[in-house]
1. Kindly provide the set of residues from the stretch 31-59 that are surrounded by 13 or more Cβ atoms within 10 Å (Cβ to Cβ) and either in contact with a Phe, Trp or Tyr (Cβ under 6 Å, 6 or more places away or on another chain) or in a helix (DSSP H, G or I) (or both), ordered by number.
2. Out of Thr108, Thr84, Thr57, Thr65, I need the residue that is polar (S, T, N, Q) and touching a Lys or Arg at 6+ places or on another chain (Cβ under 7 Å). Which one?
3. One residue is enough: does the stretch 2-15 have a residue meeting the conditions touching a Leu at 6+ places or on another chain (Cβ under 6 Å) and either surrounded by 12 or more Cβ atoms within 10 Å (Cβ to Cβ) or in a loop (DSSP other than H, G, I, E, B) (or both)?
4. Return only the number of the condition from (1) surrounded by fewer than 15 Cβ atoms within 10 Å (Cβ to Cβ); (2) touching a residue at least 12 places away in the same chain (Cβ under 8 Å); (3) aliphatic (A, V, I, L, M) that Ala63 does not satisfy.
5. Residue check: is Tyr40 touching an Asp or Glu at 6+ places or on another chain (Cβ under 7 Å) and either within 21 Å of Tyr9 (Cβ to Cβ) or touching a residue at least 12 places away in the same chain (Cβ under 8 Å) (or both)?
Amino acid sequence: MARLSLDNYHAPVACEKCGGPVIFMGVGEYKCDRCSHVMYDDYGIVRNYVETHRGATVVEISAVTGIPQSQIQQMLKDERLEITESSRVFMKCEGCGKEIRTGRFCLTCEKLAAAANAKKRAEAEREAHKKNISGYGSEPPNKGEDGAIRFRREH
């Protein structure tokens, strides 16, 4: 599943009161540069609800805020939200199935995935380096140059 961009979080681009430009203040909050009206994107709405209703479920948050459950679950996978320690509901690690509170992988699988990605990057860099090497033996000789004399001195 693709990560959410700011467009998917429905970030305001203009003030809903005066139409003025908005400034991103952080954690999903936007403030109008003209009239100082404060607005929130979807993440800000969910975050504010969770701060005042600790332990709320995805279903409850979705019902109250109107933000789709799939988007809230993606926020959990993107590590923008975290399930409380006291919760009886957890997410599953996509690698081994272990219960986790945020992200996509448990710590063990995350380390394994990072090591595998580092190995792939190093291998790709080696292959790219091989393609850029030139010199003796790296390129076939030009046609007609198989040991023939290329230059003669005319005395």
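What follows is calculated from the coordinates using simple rules that are stated; it is not laboratory data. Since this is a predicted model, take the numbers as computed values, not measurements. In this analysis, Cβ positions are derived from the backbone assuming ideal geometry, glycine residues included, and neighbour counts consider all displayed protein chains.
1. Matches in the stretch 31-59: Met39, Asp41, Asp42, Tyr43, Gly44, Ile45, Val46, Arg47, Asn48, Tyr49, Val50, Val58.
2. Working: Thr108 fails: touching a Lys or Arg at 6+ places or on another chain (Cβ under 7 Å); Thr57 fails: touching a Lys or Arg at 6+ places or on another chain (Cβ under 7 Å); Thr65 fails: touching a Lys or Arg at 6+ places or on another chain (Cβ under 7 Å).
Result of the check over Thr108, Thr84, Thr57, Thr65: Thr84.
3. Of the stretch 2-15, the ones touching a Leu at 6+ places or on another chain (Cβ under 6 Å) are none.
No, the conditions are met nowhere in the stretch 2-15.
4. Going through (1) surrounded by fewer than 15 Cβ atoms within 10 Å (Cβ to Cβ); (2) touching a residue at least 12 places away in the same chain (Cβ under 8 Å); (3) aliphatic (A, V, I, L, M) one by one, Ala63 breaks only (2).
5. Numbers: touching an Asp or Glu at 6+ places or on another chain (Cβ under 7 Å): yes; either within 21 Å of Tyr9 (Cβ to Cβ) or touching a residue at least 12 places away in the same chain (Cβ under 8 Å) (or both): yes.
Criteria met by Tyr40.
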